[in-house]
Amino acid sequence: MSKKRKRVSRRRLAGQRVLSYVPSFHLETGELKPVTAARHYIASQELKPPALINVRRNEHTTDRFFLAEKGVFS
């Protein structure tokens, strides 16, 4: 018997399509908390919104932050 395929959500697919046009940046936290590391990176690189920042906490955990006109969202 064949396995039933999982249905792809159109809303989620649309969101992924939109995020594919947003620039993405990757960095390590070091000694800082993830949100602090992201804010320092935004300030040092003078990033303009919209942007997606992936902060790697350790080998298993990565935090994603979205830089918008109104601030940084996780």
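The values are calculated or read from the model by the stated rules, or taken from the named source; none is laboratory data. Here the structure is a predicted model, which is why all the values come from computation and not from measurement. All Cβ positions, glycine included, derive from the backbone under ideal geometry; neighbour counts span all protein chains shown. Remember, those area values only see protein heavy atoms, side chains included, never the ligands or the DNA or RNA. Shrake-Rupley method; radii C 1.70, N 1.55, O 1.52, S 1.80 Å.
Of all the listed residues (SER74, SER20), the sole one being open to solvent by 100 Å² or more (accessible area, probe 1.4 Å), of a type in the set (Gly, Ala, Ser) and on the phi < 0 side of the Ramachandran plot is SER74.
Of all residues assigned to the range 3-19, none qualifies as being among the polar types (S, T, N, Q) and closer than 21 Å to GLU69 by Cβ. When THR29, THR61 are screened for being open to solvent by less than 60 Å² (accessible area, probe 1.4 Å), at pLDDT below 95, under 24 Å from GLY15 (Cα atoms) and over 12 Å from the mean Cα position of the chain (by Cα), only THR61 passes.
Here HIS40 clears all of (1) surrounded by 13 or more Cβ atoms within 10 Å (Cβ to Cβ); (2) closer than 15 Å to SER74 by Cβ except the condition numbered (2).
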